[in-house]
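Only one structure is covered here, and it is reproduced in the block below.
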Amino acid sequence: MESIWSQTVEIKEREPLKGDRFVEVAVIGGGMAGILTAYYLQKQGKEVIVLEADRIGSGQTKDTTAKITSQHGKIYSTLIEEYGERKARLYVKANEEAVKEYGRLVTNEKIECHFERRNSYLYSVSDEEELKKEAKAAEKLGAPAYFTKETPFPFPVAGAVCFEKQAQFHPLEFLKAISENLTIYEQTPVIYVAGHTIDTKQGKVTAKHIVFATHYPFPNMPGFYFARQHQERSYVLAISDIPKWEGMYYSIDREGLSFRWFEDILLVGGGGHRTGKQNARSGYEKLVKGVKINYPECDFSLLVNQNESTAEKGRHKGKVIAYWSAQDCISHDDLPFIGRFSMLRPYWYVATGFKKWGMTDSMISARLICDQICGQENIYESLFTPQRLNLFASWKRLCLDLKISTLGIIKGHFHLPIAKKEMPEKGQAKILRVGLKSYGIYCDLQGILHKVSVKCPHLGCELEWNDAEKSWDCPCHGSRFDYDGNLIDNPSQISIND
């Protein structure tokens, strides 16, 4: 289903690229990071174009919960341990400046995008000591944070770390305004990039500088980003008709939920898992379980596979009016990759690995990459450089990713010649191995079978079925495809059957 953002704004369509072009800067990707980067470069007098495979804001930007905050979960005590106080302090400063810059842009450009200053709370229902530790670390680094047991949250908590004067907004309203005067080519997927040349089906673009703002950078080399991060999915419910409270919330508990309001609609997020590694209960089921604890009469009838409301008609307290999911790139060391793509391609730039904090990281990326292209100094360059190597912070996730990727590639390329003829029941899917080949078979509710290869076109890993979203997902690098094999999420650039 569409997010609440997609349902409440329309952005004008742009024409596809027509023929070849030479420009100073080409930005690949029309999400928040790409559009902001193009905006700042144009302000600096650069000739810049944006190439977008679909519509601007049609990727992860439309699926965010749109919190603009330096409160990034339980991270600051860890940053001090793994990077030292100086770099951890830079991280705080970068994100606090990003919050302020959004506010400056909204004011100066007179953008109507539901921008609101709000306190952001990191909370737990049971672990007070971890919160106190995080509050102490955040305060030490200069964040506007403190521990408290007094929150506007309507349910009992052990405590919270309050980050003052953070923000939230409508991301697509903001994107619509900020992109108004930019040169953007939509429906122009990039096929291949070599040196300074970008190949599309509509023509070639030659650029002095190329920015990859595609969520997950699709060139496997020379950056090797496929081996340096993984992707995770998370889920959101939009709920109306419940009493409103103030603030934004993010939990440190294992299955805790995040909250924020958009007008009179509560956005509840959570249920996260590694892409391609589905749990016994779907992410939406986890959200429903969490919401029911405090709103047992909430109406969930809109949700997939929910045939009946849990509340009597006319007597519900809360009603799900929209639901959607998002996908995030997680680097091994928890910091985003922002800056020069590789020492071998100094004229390529990348912005990826934003974890759950795409709005603040998009702003940091835009300012940093703009400075690099314009030859200006940026104090955050060394912190976020894609050329960094911190094995102390990343080795555990590196080993896990290598294990999962290796197993996925083996499963995708080597199978025992065993034939399984059982077809899935309606609404279900199975992987069938016939000889040395494997197929994903989904039987829709009308009994029609949909057959695809389960070898991911990216690097050949075996796909896994995501029952909550009826898609085939790659556990290695996070590419996703619908049950007919059409591409949903990168790094793959093509559909299964292309």
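The values are calculated or read from the model by the stated rules, or taken from the named source; none is laboratory data. No experiment lies behind these values; they were computed from the predicted model shown. Here the Cβ positions follow ideal geometry from the backbone for every residue, glycine too, while neighbour counts run over all protein chains shown. For accessibility, only protein heavy atoms count, side chains too; no ligands or nucleic acids. Shrake-Rupley method; radii C 1.70, N 1.55, O 1.52, S 1.80 Å.
Could you give P(r) for the chain, binned at 10 Å from zero, as whole percent values over all Cα-Cα pairs?
In order of increasing distance, the bins hold 4, 19, 29, 28, 16, 4, 0 percent.
Report, to the nearest whole %, how much of the accessible area of the chain belongs to carbon and sulfur atoms, 1.4 Å probe, protein only.
51 percent
Could you tell me the distance between the Cα centroids of region 18-68 and region 428-498, to the nearest Å?
29 Å
What is region 26-162 by shape, rounded, prolate or oblate, if you read a ≥ b ≥ c off the alpha carbon gyration tensor as root eigenvalues and call it rounded for a/c under 1.5, prolate for a/b larger than b/c, and oblate otherwise?
In terms of gyration-tensor shape, prolate.
Charges on Cβ only, +1 for Lys and Arg, -1 for Asp and Glu, centred on the Cα centroid of the chain; of Cys474, Thr65, Ala326, which one is farthest towards the dipole's positive end?
Selected residue: Cys474.
Give a residue-ordered list of calculated ³J(HN,Hα) values for region 440-452 (Karplus: 6.51 cos²θ - 1.76 cosθ + 1.60, θ = phi - 60°; whole Hz; x for Gly, Pro).
Residue by residue, region 440-452 yields x, 10, 10, 9, 6, 5, 8, x, 7, 8, 10, 10, 9 Hz.
Run lengths n ≥ 4 of DSSP H only: what is the helix-derived mean residue ellipticity at 222 nm for the chain, with -39500 (n - 2.57) per run over all residues, to the nearest 500?
-8000 deg cm²/dmol
Rounded to the nearest 20 debye, what is the charge dipole size of the chain about its Cα centre when +1 sits on each Lys and Arg Cβ and -1 on each Asp and Glu Cβ?
Here the chain has a charge dipole of around 940 debye.
Counting other Cβ atoms within 10 Å, keep those with at most 15, restrict to DSSP loop, and tell me which GluC sites (Glu not before Pro) in region 223-290 are left.
Glu246, Glu255, Glu263
Taking chymotrypsin sites (Phe, Trp or Tyr not before Pro) as exposed when DSSP calls them loop (any state but H, G, I, E, B) and at most 16 other Cβ atoms lie within 10 Å, what is the longest stretch of the chain free of them, the sites themselves excluded?
Looking at the chain, 1-223 is the longest stretch - no exposed chymotrypsin sites (Phe, Trp or Tyr not before Pro) with at most 16 other Cβ atoms within 10 Å.
Quick one: Karplus J couplings for region 426-435, per residue in order, coefficients 6.51, -1.76, 1.60, θ = phi - 60°, nearest Hz, x for Gly and Pro?
Going residue by residue, I get 4, x, 10, 9, 9, 9, 10, 9, 10, x Hz, with x marking Gly and Pro.
Can you give the three extents of the C-alpha atoms in region 436-494 along their principal axes, from longest to shortest, in whole Å?
Its Cα atoms span 32, 27, 17 Å along the three principal axes.
Under unit Cβ charges (Lys, Arg +1; Asp, Glu -1), what dipole magnitude, rounded to 20 debye, does region 72-174 have relative to its Cα centre?
It comes to approximately 300 debye.
Straight-line reach from Lys133: which aspartates and glutamates have Cα under 13 Å away, leaving out those fewer than 8 places along the same chain?
In chain and number order, the partners are Glu81.
Taking the Cα centre of region 235-281 as the origin and placing charges on Cβ (Lys, Arg +1; Asp, Glu -1), which of Gly256, Gly272, Ser240 is farthest toward the positive end of the dipole?
After comparing all options, I get Gly272.
Considering just Cα atoms, how many Å³ per residue does the convex hull of region 136-252 enclose?
232 Å³
About its Cα centre, what dipole magnitude does region 190-301 give when the only charges are +1 on Lys and Arg Cβ and -1 on Asp and Glu Cβ, stated in debye to the nearest 20?
The calculated dipole for region 190-301 is roughly 700 debye.
Where only protein heavy atoms count, and the probe is 1.4 Å, what is the accessible area per residue for region 1-151 in Å²?
45 Å²
Once you order the gyration tensor axes a ≥ b ≥ c over the Cα atoms, which shape class does region 1-103 get: rounded for a/c under 1.5, otherwise prolate or oblate by comparing a/b with b/c?
Judged from the Cα gyration tensor, region 1-103 comes out oblate (a/c at least 1.5, b/c at or above a/b).
Using 0.36 nm per residue, how much length does the chain from Lys149 to Lys244 gain when fully extended, once their Cα-Cα distance is taken away?
32.3 nm
Could you please state, rounded to a whole Å, how far the C-alpha centre of region 240-286 is from the C-alpha centre of region 126-182?
For region 240-286 versus region 126-182, the Cα centre distance is 15 Å.
Residue by residue through region 342-355, what is 3J(HN,Hα) from phi via Karplus (6.51 cos²θ - 1.76 cosθ + 1.60, θ = phi - 60°)? Round to whole Hz and write x for glycine and proline.
Whole-Hz 3J(HN,Hα) from phi for region 342-355: 6, 5, 7, 9, x, 9, 9, 9, 9, 9, 7, x, 6, 6.
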